[in-house]
Amino acid sequence: MPTTNEHLQQILDTLPDKPGCYLMKNNLGEIIYVGKAISLRNRVRSYFHSSSQLDAKTRQLVRNIAHIDWILVGSELEALILEMNLIKKHRPKYNIRLKDDKRYPYIKVHWADPFPRVTITRQMVKDGSRYYGPYTSAWAVHQTLDVLRRIFPYLTCDRNITGMDARPCLYYDIKLCSGPCIGAIKQDAYRLMIDRLCLFLEGHTEPVVNQLKAEMEKAAEALKFEQAAAIRDQLRAIDQVVEKQKVISSEHKDSDVIAMARQDGEACVQIFFIRGGKLIGREYFILEGADDEADGEVISQFVKQFYAEAANIPPEVLLPNEVEEANIIKQWLHTQRGGQKVELSVPNQGTEQELVQMATENAVETLRALRAQWDIDTNHQTQALTELQQALNLAVPPNRIECYDISNTQGTASVGSMVVFSQGVPDKRLYRRFNIQTVSGPDDFASMEEVLTRRFRRWKAAQEENQNHPGQKKDPSFSMLPDLLMVDGGKGQLGRAVLVLKEFGLYGKVPVVGLAKQQEELFISEKDDSLLLARRSQGLYLIQRIRDEAHRFAITAHRNLRSRMGLASRLDAIPGIGPGRRKMLLKRFGSIEGILTASIDTLTTLPGITEDLALEIKNHLE
């Protein structure tokens with residue numbers, strides 16, 4: 001066994017011969033690998049055998065191990081579940097993992113509500129709702145819902161549905177809502193429509209079509225020709241969707257087909273969703289950390305991570321390779337599917353083998369297209385950073401750019417945003433928000449000064465802590481200085497940023513610019529004239545993207561804070577709304593949604609609410 005420091009050797013000597021998970025850490029205390037084992041003692045010690053038996057990735061992992069924690073569990077299944085949760089939580093560098101760490105979008109049907117709405121969410125919770133997904137693209141989800149809404153005109157508003165409203169919203173008039181608010185559809189009929197929508201999402205369209213045809217014939221026989229015509233239009237819309245779904249098998253099976261393509265450490269997994277013998281959809285996922293890993297291990301990790309998040313699991317999953325953990329994964333999928341059996345199989349012939357091959361070809365093409373796009377993006381990012389370095393006369397390319405923005409409503413719920421771009425790409429794990437603490441009223445300059453002061457105070461504290469406790473893990477958002485500091489707001493905000501940099505002895509060390517919105521001008525301290533980058537330059541595109549991202553992040557944080565402040569506080573923030581009018585609005589409409597839904601004419605029927613004030617109320621609440 002190669003030389004191991006005494007600390008690690010002591011851990012290796014005391015490892016239990018029991019099932020569990022192990023967490024390997026580097027000298028900064030960061031978790032760099034998570035694994036599981038039936039015998040912790042045998043598995044962990046195997047990493048420290050002769051290095052000639054290890055692949056390059058594992059050798060690099062072992063060189064970086066400074067400490068090992070372990071957690072005992074009762075069984076191999078418990079170890080598998082714990083391992084998945086730990087990988088998802090910590091995203092260790094040397095584990096195979098889904099590349100996107102954001103939550104994927106789902107379609108959520110609020111089935112527990114009397115009149116279920118259909119929305120998009122990024123989190124599944126056990127609240128009686130039905131979920132469909134995950135999808136890799138929010139755009140694809142919106143496209144799906146746009147189609148579904150024309151077939152099944154579901155609710156999108158937050159009205160309290162009594163069926164007694166005087167008039168519906170615009171969506172009813174354009175046939176994108178069935179109008180339960182005015183009693184145009186009763187609860188039982190509405191819930192039946194949503195149940196059919198769910199069947200449609202599950203790929204089971206035949207029962208829906210048969211039911212609708214029967215209802216159309218019944219309506220025609222009863223001489224209800226308008227109702228029959230509406231159902232006929234619904235059936236035509238369904239046909240337009242269904243005819244695009246490729247028939248795969250006459251056996252009406254439900255299955256997922258998984259295949260993979262690999263190149264230069266990247267792995268692209270393609271998954272086909274077969275429902276009722278038809279191909280109803282497909283998604284692709286990129287995995288990272290797949291270097292030197294066997295195909296079977298990559299597929300195994302994908303299956304575990306994907307189905308830990310999947311809203312629905314079919315009875316059959318077709319794979320391109322055998323996986324070592326097949327039995328324990330099947331046992332886990334059995335529990336995930338509510339006690340129903342799930343088969344994992346690797347087809348060698350027939351339609352199923354052709355499906356895997358087709359999915360493989362799709363994965364190869366997808367990875368090729370993505371790599372081409374990544375290469376283009378990388379070239380654009382390099383060009384953009386070079387252009388900024390030259391335009392701003394910087395000593396080095398601005399590989400770390402920080403941008404700050406302020407958002408508030410008439411001085412209330414003021415929030416500052418900090419976004420970080422690394423190598424021209426947003427690094428969202430480094431984003432931070434600041435709730436403004438010391439500024440009263442709508443003073444964006446003072447708010448910017450507070451945000452930057454708090455940011456560099458954190459940097460100074462990190463430097464002092466590094467002197468006292470070298471090697472201790474620091475917050476990467478604040479422990480490093482930017483290569484370029486941007487503030488949204490032109491000369492005024494630039495002046496405040498310069499004051500803060502001088503206070504911390506950083507003026508001249510941290511380049512700083514202010515970006516004015518109107519002409520996209522860059523202001524540089526100690527220069528009277530602004531700098532205009534070429535209209536079609538990559539440098540300008542990057543600056544605009546960073547500014548827009550800081551603005552988006554600030555507005556999102558502001559809205560969240562404003563929402564937490566409550567309805568009354570939001571009304572108080574509107575000029576012209578005092579305690580009396582606030583009470584009157586709350587009594588009449590009951591909620592923000594009620595006020596937003598009300599027309600200007602309705603608002604002006606209240607004492608003291610003029611047309612101008614009604615418009616002010618709408619603008620603020622929206």
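Residues are listed down the side, and each one gets a yes or a no for (1) closer than 16 Å to residue 257 by Cα; (2) β-branched (Val, Ile, Thr); (3) crowded, with 19+ Cβ neighbours inside 10 Å:
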position	(1), (2), (3)
280	yes, yes, yes
304	yes, no, yes
308	no, no, no
313	yes, yes, no
319	yes, no, yes
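For the stretch 67-94, filtered to residues that are more than 29 Å from residue 269 (Cα to Cα) and touching a residue at least 60 places away in the same chain (Cβ under 8 Å), the residue that is surrounded by the fewest Cβ atoms within 10 Å (Cβ to Cβ) is 67. Of all residue pairs spaced 6 or more apart or on separate chains, those with beta-carbon atoms under 6 Å, a first member in the stretch 95-121 that is at pLDDT below 85 and a second member that is among the acidic types (Asp, Glu) are 99/288.
Is it the case that residue 331 is closer than 15 Å to residue 269 by Cβ and surrounded by 15 or more Cβ atoms within 10 Å (Cβ to Cβ)?
no
With respect to (1) assigned to a helix (DSSP H, G or I); (2) within 20 Å of residue 88 (Cα to Cα), the lone exception for residue 352 is condition (2).
Taken together, the residues in the stretch 161-177 that are surrounded by 13 or more Cβ atoms within 10 Å (Cβ to Cβ), closer than 17 Å to residue 597 by Cβ and not aromatic (Phe, Trp, Tyr) amount to 7. When residue 344 is tested against the conditions (1) surrounded by fewer than 19 Cβ atoms within 10 Å (Cβ to Cβ); (2) in a strand (DSSP E or B), the lone failure is (1).
Which of the residues spanning the stretch 52-63 are surrounded by 13 or more Cβ atoms within 10 Å (Cβ to Cβ) and free of Cβ contacts under 8 Å to residues at least 60 places away in the same chain? Residues satisfying the conditions are 54, 59, 60, 61, 62.
Rundown of residues vs (1) closer than 25 Å to residue 272 by Cα; (2) of a type in the set (A, V, I, L, M, F, W, C); (3) outside the structural domain of residue 598 (by TED's automatic domain parsing), yes/no style:
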position: 131; (1), (2), (3): yes, no, yes
position: 141; (1), (2), (3): yes, yes, yes
position: 162; (1), (2), (3): no, no, yes
position: 168; (1), (2), (3): no, no, yes
position: 204; (1), (2), (3): yes, no, yes
position: 209; (1), (2), (3): yes, yes, yes
position: 219; (1), (2), (3): no, yes, yes
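Any residue in the stretch 375-399 that is under 12 Å from residue 542 (Cβ atoms) sitting within a Cβ distance under 8 Å of a residue that is part of a helix (DSSP H, G or I) and of a type in the set (Ser, Thr, Tyr)? List the pairs, counting only those 6 or more apart or interchain. Partner pairs satisfying both residue conditions: 380/541; 384/541; 397/386.
Within the stretch 136-158, the set of residues being surrounded by 18 or more Cβ atoms within 10 Å (Cβ to Cβ) and in contact with a helix residue (DSSP H, G or I) (Cβ under 7 Å, 6 or more places away or on another chain) comprises 148, 151, 152, 154, 155. Exactly one residue out of 450, 402 is in contact with a Ser or Thr (Cβ under 6 Å, 6 or more places away or on another chain), acidic (Asp, Glu) and either assigned by TED's automatic domain parsing to the domain that holds residue 27 or crowded, with 20+ Cβ neighbours inside 10 Å (or both), and it is 450.
Among 441, 416, which is touching a residue at least 40 places away in the same chain (Cβ under 8 Å) and either of a type in the set (Gly, Ala, Ser) or not assigned by TED's automatic domain parsing to the domain that holds residue 496 (or both)?
None of the other options fit; the residue is 416.
Evaluating residue 42 against the criteria (1) surrounded by 15 or more Cβ atoms within 10 Å (Cβ to Cβ); (2) polar (S, T, N, Q); (3) modelled with pLDDT of 90 or more leaves one unmet condition, (1). Looking across the stretch 71-114 at every residue that is aromatic (Phe, Trp, Tyr) and closer than 30 Å to residue 188 by Cβ, the one that is farthest from the chain's Cα centre (by Cα) is identified as 111. Restricting attention to the stretch 181-227, the residues being over 20 Å from residue 116 (Cβ atoms), at pLDDT below 80 and in a loop (DSSP other than H, G, I, E, B) number 2. One residue alone among 147, 125 is not in a helix (DSSP H, G or I) and not hydroxyl-bearing (Ser, Thr, Tyr), and that residue is 125. Among the residues of the stretch 428-463, those that are of a type outside the set (Gly, Ala, Ser), farther than 19 Å from residue 561 by Cα and modelled with pLDDT under 90 comprise 428, 429, 463. Does residue 355 qualify as being in contact with a helix residue (DSSP H, G or I) (Cβ under 6 Å, 6 or more places away or on another chain) and either surrounded by fewer than 16 Cβ atoms within 10 Å (Cβ to Cβ) or at negative phi (or both)? When the stated conditions are applied, residue 355 does not pass them. A count restricted to the stretch 1-49 and to residues that are over 14 Å from residue 71 (Cα atoms) and assigned to a loop (DSSP other than H, G, I, E, B) stands at 13. When 341, 304 are checked against the criterion of being over 28 Å from the mean Cα position of the chain (by Cα) and either farther than 22 Å from residue 135 by Cβ or of a type in the set (Lys, Arg) (or both), a single residue qualifies: 341. Of all residues in the stretch 263-295, count the ones that are in contact with a Leu (Cβ under 9 Å, 6 or more places away or on another chain) and not in a strand (DSSP E or B). Residues flagged as in contact with a Leu (Cβ under 9 Å, 6 or more places away or on another chain) and not in a strand (DSSP E or B) within the stretch 263-295 amount to 0.
The values are calculated or read from the model by the stated rules, or taken from the named source; none is laboratory data. Quantities reported herein were computed from a predicted structural model and do not represent experimental measurements. Positions of Cβ are backbone-derived with ideal geometry, glycine not excepted, and every protein chain shown enters the neighbour counts.
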